[in-house]
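These notes concern the structure reproduced below.
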Amino acid sequence: MSNNNISVLVISISSPILVGIYKDNNLVETISKEGKTSDILPDIFDDILQKYSITSILYANGPGSYMAIKVAYIFLKTLCITKNLNFKATDAFYFNDNSPIKALGKKYFFKAQNDKITIDFLNDGEKIKEFILPNKLNMSIFKDDTLPNYNLPVV
């Protein structure tokens, strides 16, 4: 594929890990793999870098699995520095239609209308939506602040 505006979107906060390849912000390839972020991301990116000349990496920086977010951030940030790629992030709620996201034990992260993130139990009958890769990227939701958004509760 040509070197025109190829972005990679990574959603690694739950299983399966989702990776989308976007050309000019349109989804051209989807990768979905089960397993640990630390095991899967290097393999996925080895394949991607052999097939595409990417210009940017985007990722869901939380909330979600603390370890998956941390591993993804370190791996992706290092890759962006070494390959001189743009790096941006947004919260994971964008990719599951603001559905609750698994937190700790039986608790879930919720996003309120004011964008405040809280942790609570699911209500009876509340539906959990799967994460999806959008067919077209809305770049306005991605920010330069790529630090993980752990949203850990006070212990």
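For the reader, a short list of remarks on this structure follows.
- Looking only at residues in segment 97-107 that are in a loop (DSSP other than H, G, I, E, B) and crowded, with 19+ Cβ neighbours inside 10 Å, the one that is modelled with the lowest pLDDT is ALA103.
- Test: residue in segment 114-128 that is surrounded by 12 or more Cβ atoms within 10 Å (Cβ to Cβ), in contact (Cβ under 8 Å) with a residue 60 or more places away in the chain and out of contact with any helix residue (DSSP H, G or I) (no Cβ under 9 Å at 6 or more places or on another chain): no
- Residue satisfying all of: in segment 108-136; in a loop (DSSP other than H, G, I, E, B) and β-branched (Val, Ile, Thr); modelled with the highest pLDDT among these: ILE132
- Failed item in (1) touching a Lys or Arg at 6+ places or on another chain (Cβ under 7 Å); (2) among the β-branched types (Val, Ile, Thr); (3) assigned to a loop (DSSP other than H, G, I, E, B); (4) over 18 Å from VAL19 (Cα atoms), with THR146 passing the rest: (4)
- Candidates in segment 45-103 are the residues that are more than 19 Å from ILE6 (Cβ to Cβ) and among the acidic types (Asp, Glu); of these, the one that is farthest from the chain's Cα centre (by Cα) is ASP97.
- Subset of segment 21-41 (residues that are without any contact (Cβ under 8 Å) to a residue 60 or more places away in the chain, among the hydrophobic types (A, V, I, L, M, F, W, C) and farther than 21 Å from ILE69 by Cα): VAL28
- Identity of the residue in segment 46-87, touching a Phe, Trp or Tyr at 6+ places or on another chain (Cβ under 7 Å) and in a helix (DSSP H, G or I), that ends up surrounded by the most Cβ atoms within 10 Å (Cβ to Cβ): ALA72
- Some residue of segment 18-29 being outside any strand (DSSP E or B), more than 10 Å from the chain's Cα centre (by Cα) and modelled with pLDDT of 95 or more: yes
The values are calculated or read from the model by the stated rules, or taken from the named source; none is laboratory data. Please read all numbers here as calculations on a predicted model, not as lab measurements. Don't worry about glycine lacking a Cβ; one is built from the backbone with ideal geometry, like all the others, and counts go over all protein chains shown.
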